[in-house]
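The values are calculated or read from the model by the stated rules, or taken from the named source; none is laboratory data. Quick caveat: nothing in here was measured; it's all calculated off a predicted structure. When we count neighbours, we look across all protein chains shown, and the Cβ atoms used for this are built from the backbone with ideal geometry, even at glycine. In case anyone asks, the SASA skips ligands and DNA or RNA and just uses the protein heavy atoms, side chains included. Shrake-Rupley method; radii C 1.70, N 1.55, O 1.52, S 1.80 Å.
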Amino acid sequence: MRFFAVTVVLATVLTLTGLGRVRANDSTNPPAAFGSPSASATPGAGAPAAASGPPSAPAAAPTPAGAFSLLDPTSWPVIPVPEVATDPNSGTFVGLLAVFLQNDGKGNIKDIIAPDVNWNTTLGAGGNFRYLAYPSADTQWFVIGGASQRKYAHFEGDWATGITRQGHWSFETHFLFEHDPTERFFGLGDSSAFGAQTNYMTEQVYGEGLVAYNFTSDLDLALDLRPRIVRIAHGAFNYPFTGKVFPTLKGLNGGSEFRTRLFMNYDTRDSVSIPRHGGLITLFAGVADRAFMSSASYNEFGGEIRHYFPISKRITIAAHLYTRYIPGGSETPFWAMSWLGGDGSGEGSLLSIPVSKQITWRGYGAGRYI
């Protein structure tokens, strides 16, 4: 949740300062996608021919080179951003984020460096480092790393090319290492009770790869492969350990999976991370099987719909529907199931690989698996 909140702050900084504006669509200055981790990137390797571009500076009179102006954020050496967030899983979070923006001399952001220091009521003191690179309109990458005083650790990286979907093929690789001691579990299904709240830590590592064939600039078919290793341990809360209250829960001993997913995406958004208009429709199906590197067999299918309605230069209304269904079975580990409130999707992906359990509705639903 903290990475989502921080990147929303980054996106807000870019939008309010004018740095996140989409370039005009013309043949001499084709726009490109601006992807960022844990922001609004979502499933679908398809984007319109007029996809978004890397954040560009306002068209207003620029500040002379080397000059500093409080009214021109592009002239600031660093943008300090206070962080304040609450989360039913990890508690209250406060910190200070320092955003360094580097442009290419033409008003386009080339790099974003965004470290922070923070303190959390559950996890203690911590810090993170983020580097987001935009070497071209069609290729982008990022790395994120962080840790806290109590058990929490996270490292994530992503590289994508073909973001503008002007060619036939798009590719992406994604890596995640995480120790998250703030996970909660109440039980399975509608009969789960709030009084049965427990806590555990997810220790996981996975690599993910996606290849997409672009039929048009709006329509694509994508294949996503993800080998993953999961271990379950004691968490950081003063709640009972999940394994003690639910000793027969499938997946308590962790496991491995090699999940294969197939996506069909129709994407008309003007940006993959800071969209102002257009929409996304995604259908997907997936499978993990004991016969190939998985400790359990299950299959899944689902879909997603997003649409964006600009009501002013600074305000856009976003509508979002995401659903994922895993047919009932005795083998599916609980950490592979969906949970009430939504699994979230694509928060760590530039080409919109859906990433489970990155964002959920706050409160009770975050630990109710279905």
(request) Determine the sum of side-chain charges near THR268: Lys and Arg each +1, Asp and Glu each -1, restricted to other residues whose C-beta is under 15 angstrom from that of THR268. (result) -1
(request) Give the peptides 147-154, 76-83 in descending order of average Cβ contacts within 10 Å, highest first. (result) 147-154, 76-83
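Once neighbouring chains are kept in place and the probe is 1.4 Å, which whole percent of the accessible area of segment 219-339 is contributed by carbon and sulfur?
Details: 3840 of 5990 Å².
Ligands and nucleic acids excluded, carbon and sulfur give 64 percent.
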(request) Just order 241-254, 264-277, 169-182 by mean Cβ neighbour count inside 10 Å, highest at the front, would you? (result) 264-277, 169-182, 241-254
(message) Can you work out the Karplus-derived ³J(HN,Hα) for every residue in segment 157-171? Use 6.51 cos²θ - 1.76 cosθ + 1.60 with θ = phi - 60°, whole Hz, and x for glycine or proline.
(response) x, 8, 9, 9, 9, x, 5, 6, 6, 7, x, 7, 10, 10, 9
(request) Pull up all non-local amide H partners of THR316: gap of 5 or more, or a different chain, and H-to-H distance under 5 Å with H placed in the peptide plane. (result) ILE311
(message) Are there any GluC sites (Glu not before Pro) in segment 262-343 that are in a DSSP loop and have at most 16 other Cβ atoms within 10 Å? List them by number.
(response) GLU331
(message) What aspartates and glutamates does LYS313 reach when the alpha-carbon gap must be under 16 Å and sequence neighbours fewer than 8 apart in one chain are set aside?
(response) ASP270
(request) Return the sequence-ordered ³J(HN,Hα) values of segment 208-221 in whole Hz as given by the Karplus equation 6.51 cos²θ - 1.76 cosθ + 1.60 applied to θ = phi - 60°, using x for Gly and Pro. (result) 9, x, 10, 10, 10, 9, 9, 5, 9, 6, 10, 10, 8, 10
(request) Please state the charge dipole magnitude for segment 106-219, taken about the Cα centre, from unit charges on C-beta atoms (+1 on K and R, -1 on D and E), reported in debye and rounded to the nearest 20. (result) 320 debye
(message) Please give me the summed charge of the neighbours of GLN166: other residues whose Cβ is under 14 Å from its Cβ, Lys and Arg +1, Asp and Glu -1.
(response) -3
(message) Using a 1.4 Å probe on the protein heavy atoms, what percent of the accessible area of segment 74-154 belongs to carbon and sulfur?
(response) 64 percent
(message) Could you give each residue of segment 147-154 its phi-based ³J(HN,Hα) in whole Hz, using Karplus coefficients 6.51, -1.76, 1.60 with θ = phi - 60°, and x for Gly or Pro?
(response) 7, 10, 4, 10, 6, 6, 8, 7
(request) Quick one: net charge around THR332, please, counting Lys, Arg +1 and Asp, Glu -1 for every other residue with C-beta under 11 Å from its C-beta. (result) -2
(message) Tell me the per residue accessible area of segment 234-291 using a 1.4 Å probe; a whole number in Å² is fine.
(response) 47 Å²
